[in-house]
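The values are calculated or read from the model by the stated rules, or taken from the named source; none is laboratory data. These numbers come from a predicted model, not from an experiment. Here Cβ is always computed from backbone atoms with ideal geometry, including for glycine, and neighbour counts include all displayed protein chains. Protein only, heavy atoms only, side chains kept; ligands, DNA and RNA dropped before computing areas. Shrake-Rupley method; radii C 1.70, N 1.55, O 1.52, S 1.80 Å.
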Amino acid sequence: LAPGPRPDDIAFLQYTSGSTGSPKGVILTHRSVLANIRAMGRATGVSSRDVFVSWLPLYHDMGLIGAWLGALYFGATLILLSPLAFLARPHRWLRAIHRHRGTISAAPNFAYELCVAGVDARRLEGLDLSSWRLAICAAEPVSPSTLAGFRDKFAAFGLRPQALSPTFGLAESTVGLAFTPLGRGPLIDRVRRGPFAELGRAIPAGEDEADALQFVSCGRALPGHDLRIVDESGFEAGERQEGRLWFKGPSACAGYFRNPEATRELFHGDWLDTGDLAYLAGAELFVTGRVKEMLIRGGRHAYPYEIEEAVGALPGVRKGGVAAFGCRDPRTGGERLVVMAETRASDPAERDRLRRRVNELAAELLGMPADDVMLVEPHTVLKTSSGKIRRAACRELYEAGGPRAERSWRRRARRRLASLALRGRREGARAGAFLFAARVWASCALVAALGWPAAALLPRPSACWAFSRAAARLLLRLAGLPLNVRGLENIPEGRPCVLVANHTSYADSVLLLSALRRPFRFAAKAELRSSLPIRVYLRNLGAVFVERFDARRGVADAEALAEAARAGSSLIVYPEGTFVREAGLRPFRMGAFLAAARAGAPVVPVVIRGARSLLRAGSWFPRRGPVSVVVGPPLEPGGRDWAAAVRLRDAARAEILRGCGEPDRDSRD
């Protein structure tokens, strides 16, 4: 018998669409394909009871892996329609969901838009979409207006708004990478246009800001996968800062087939570069565009999709039939903005009106009109098999016909000056980030050099705590990090308590030292005893060392914590045990809550926010941002047994989860 395939053997090659360059053969192994199917199944809760309705081609990754192989793996029923049947009559897709009581279906954004604009109400009579629990929207940028239009049109036919699920994936991650949490529905982020276009800062916009940019969350990384945003310097970007999107995880491909140069560009150690621009808010992923397709006009970053969306909404222009792209101007060295729009209009006056309106929209979005507006016949704009605009191919088509417009020297000069001014602001922001990081580490070095000897020699833990608190407050002041502290009145006076906090960064303990007025004893992981300076300092501070990995020893350590509480000591415990770079609240260990129950001491939940972005695990480049410590109301044990400890754990975790602004990463669910 021939030997069976091994996990790291090639399962098949998945060629990229070539929307931004030459197609490349992505090497997918049996291991990566199965890992992706399992992770997507866990994120979507799929089971053999589900009915997957799909018209997606089986040569497309969503159709092949997401629908066909996914249904096969989980034993779900798969209903297949012809892609041509859907394109000819979009209502057939919805009718199939109705007829077969479909629970899951997936499609690109253009399919949902076709159903909004192209399905006559007469075709919908008797339609029932109440069985549809997961409407995945992926494979191309997701439009907020399309989601809203689809939700509003089909709510009367039983569609639940929570079913709409924008997601993100790419061939290099097999197919899926980020999914919207089940039952939540779409999350739209409105950000201020100016700071985002100029500096890539996604600052939330007020309700009165009519020109705000809107981005749809693609959800959170699949279980076992991780995301990071990297700036132009190669450092991890801070919260709500746009940069290149990298990922890692078991679904990652093995590289590009017989293309070592492209493979080298793809991998950065364990991380893979998606080629997309994005930002993270908490654990939510907001994709803003492709690196190679971003336009720079007058020094401002412009995103083709936004222009295409606005132009596609104009009467007389075919929605989904617009391509915006940049062409290099050999005279200025900059980029010329070209908008190619499909229309059936033939009257010269009507076409002139359309050109003027397109330029007005470009001026509203970018501060200046397009260099050229091409009105073309329907089906001229080139697309991939999944409906993505092939901007690179459209650029080649345009360039084959030669340039269309000239610009005056005054306009070119104004554009060059604006570009230089904005470049100066960007470089200033970049230099400011480096200066801030240098300031933080210089402050740490100074405080440690002066403070450690004194703290190590102080005879009593209370004196060491007071000195350490003053040093922590000095460190934050020198580093330029204001700390917002609320809820200190919730800490019980005159009795010991067990303070439990989420653990996000090395900065957490500094923040707690600075915030808390009275002495506490830290529960420190036993591994810290291996470092002499840290061991001496923590012992002088009165820390209780606990074992994280030996369950038998952990029970004894819980009793040691209880004994400290019974003796009158208040404790600080990080019940997650440690911290990781990925945002999210992890399962809580029972030690702190057993100790509180046995000692009859209240548990005080504390939420730390901003520390993970300030200094993320795996990075030594601190980022400026707001940090806060919020103390919640105390929780009384209500008993001394295991059940009381479990109730304490669940109540404290729920309180911290509500306030931390991060997803629930409890693997038990």
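The figures follow:
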{"item": "Filtered residue count, the range 24-55, keeping only those that are modelled with pLDDT of 95 or more, among the basic types (Lys, Arg) and either in a loop (DSSP other than H, G, I, E, B) or closer than 12 Å to Leu69 by Cα (or both)", "result": "2"}
{"item": "Filter pass, Pro181 being part of a loop (DSSP other than H, G, I, E, B), under 25 Å from Ile37 (Cα atoms) and either touching a Pro at 6+ places or on another chain (Cβ under 9 Å) or among the basic types (Lys, Arg) (or both)", "result": "yes"}
{"item": "Complete set of residues in the range 650-669 that are open to solvent by less than 30 Å² (accessible area, probe 1.4 Å), over 19 Å from Val627 (Cβ atoms) and at pLDDT 95 or above", "result": "Ala652, Arg653"}
{"item": "Considering residues of the range 36-86 that are more than 20 Å from Ser173 (Cβ to Cβ) and touching a His at 6+ places or on another chain (Cβ under 9 Å) only, the residue surrounded by the fewest Cβ atoms within 10 Å (Cβ to Cβ)", "result": "Thr77"}
{"item": "Test: Gly577 is surrounded by 23 or more Cβ atoms within 10 Å (Cβ to Cβ), modelled with pLDDT under 95 and of a type in the set (Gly, Ala, Ser)", "result": "no"}
{"item": "Complete set of residues in the range 357-376 that are modelled with pLDDT under 90 and not aliphatic (A, V, I, L, M)", "result": "Asn359, Glu360, Glu364, Gly367, Pro369, Asp371, Asp372"}
{"item": "Residues that are of a type in the set (A, V, I, L, M) and either open to solvent by 30 Å² or more (accessible area, probe 1.4 Å) or assigned to a helix (DSSP H, G or I) (or both), drawn from the range 127-154", "result": "Leu147, Ala148"}
{"item": "Tally, over the range 55-67, of residues that are under 27 Å from the mean Cα position of the chain (by Cα) and closer than 12 Å to Ser105 by Cα", "result": "5"}
{"item": "Subset tally (residues that are of a type outside the set (Lys, Arg), over 13 Å from Tyr279 (Cβ atoms) and open to solvent by 10 Å² or more (accessible area, probe 1.4 Å)) for the range 205-220", "result": "9"}
{"item": "Residue in the range 248-255 that is surrounded by fewer than 22 Cβ atoms within 10 Å (Cβ to Cβ) and either assigned to a strand (DSSP E or B) or among the aromatic types (Phe, Trp, Tyr) (or both) present", "result": "yes"}
{"item": "Selection status of Thr16, at pLDDT 95 or above, surrounded by 19 or more Cβ atoms within 10 Å (Cβ to Cβ) and more than 26 Å from Leu159 (Cα to Cα)", "result": "no"}
{"item": "Of residues in the range 354-363 being open to solvent by 60 Å² or more (accessible area, probe 1.4 Å) and touching a residue at least 12 places away in the same chain (Cβ under 8 Å), the one farthest from Ala197 (Cα to Cα)", "result": "Arg355"}
{"item": "Qualifying residue in the range 78-100 (condition: at pLDDT 95 or above and within 25 Å of Gly249 (Cα to Cα))", "result": "no"}
{"item": "Any chance Val630 is assigned to a strand (DSSP E or B) and open to solvent by 30 Å² or more (accessible area, probe 1.4 Å)", "result": "yes"}
{"item": "Complete set of residues in the range 600-615 that are of a type in the set (Lys, Arg), farther than 19 Å from Ala654 by Cα and surrounded by fewer than 24 Cβ atoms within 10 Å (Cβ to Cβ)", "result": "none"}
{"item": "Near pairs, Cβ below 8 angstrom, 6+ apart or cross-chain, from the range 436-462 (open to solvent by less than 60 Å² (accessible area, probe 1.4 Å)) to any residue that is assigned to a loop (DSSP other than H, G, I, E, B) and of a type in the set (A, V, I, L, M, F, W, C)", "result": "Ala437/Phe621; Val440/Leu481"}
{"item": "Qualifying residues in the range 514-547 (those that are assigned to a helix (DSSP H, G or I) and modelled with pLDDT of 95 or more) - the one nearest to Ala456 (Cα to Cα)", "result": "Ser514"}
{"item": "Some residue of the range 61-76 being within 30 Å of Leu34 (Cβ to Cβ) and not in a helix (DSSP H, G or I)", "result": "yes"}
{"item": "Test: residue in the range 496-504 that is of a type outside the set (A, V, I, L, M), over 30 Å from Ala583 (Cα atoms) and in a loop (DSSP other than H, G, I, E, B)", "result": "yes"}
{"item": "Residue within the range 271-281 that is of a type in the set (D, E, K, R) and buried (at least 17 other Cβ atoms within 10 Å of the Cβ) present", "result": "yes"}
{"item": "Selection status of Thr167, crowded, with 16+ Cβ neighbours inside 10 Å, assigned to a helix (DSSP H, G or I) and of a type in the set (S, T, N, Q)", "result": "no"}
{"item": "Complete set of residues in the range 582-599 that are assigned to a loop (DSSP other than H, G, I, E, B) and open to solvent by 30 Å² or more (accessible area, probe 1.4 Å)", "result": "Glu582, Arg586, Pro587, Arg589"}
{"item": "Unique match (being more than 30 Å from Ala583 (Cα to Cα), of a type in the set (D, E, K, R) and open to solvent by 30 Å² or more (accessible area, probe 1.4 Å)) among Arg160, Arg99", "result": "Arg99"}
{"item": "Long-range neighbours under 6 Å by Cβ, at least six apart or interchain, first residue under 14 Å from Ala455 (Cα atoms) and without any contact (Cβ under 8 Å) to a residue 12 or more places away in the chain within the range 519-546, second hydrophobic (A, V, I, L, M, F, W, C) and loosely packed, with under 15 Cβ neighbours inside 10 Å", "result": "Ile534/Leu528"}
{"item": "Which listed residue is under 19 Å from Gly312 (Cβ atoms) and among the acidic types (Asp, Glu), from Glu198, Glu172, Glu140, Glu209", "result": "Glu140"}
{"item": "So Val311, is it assigned to a strand (DSSP E or B), under 16 Å from Val373 (Cα atoms) and either open to solvent by 10 Å² or more (accessible area, probe 1.4 Å) or modelled with pLDDT of 85 or more (or both)", "result": "no"}
{"item": "Filtered residues of the range 548-568 (kept if open to solvent by less than 30 Å² (accessible area, probe 1.4 Å) and either assigned to a loop (DSSP other than H, G, I, E, B) or modelled with pLDDT under 80 (or both))", "result": "Gly554, Asp557, Ala558"}
{"item": "Of the criteria (1) part of a loop (DSSP other than H, G, I, E, B); (2) on the phi < 0 side of the Ramachandran plot; (3) out of contact with any strand residue (DSSP E or B) (no Cβ under 6 Å at 6 or more places or on another chain), which one Pro186 fails", "result": "(3)"}
{"item": "Residue within the range 106-119 that is more than 30 Å from Asp226 (Cβ to Cβ) and in a loop (DSSP other than H, G, I, E, B) present", "result": "yes"}
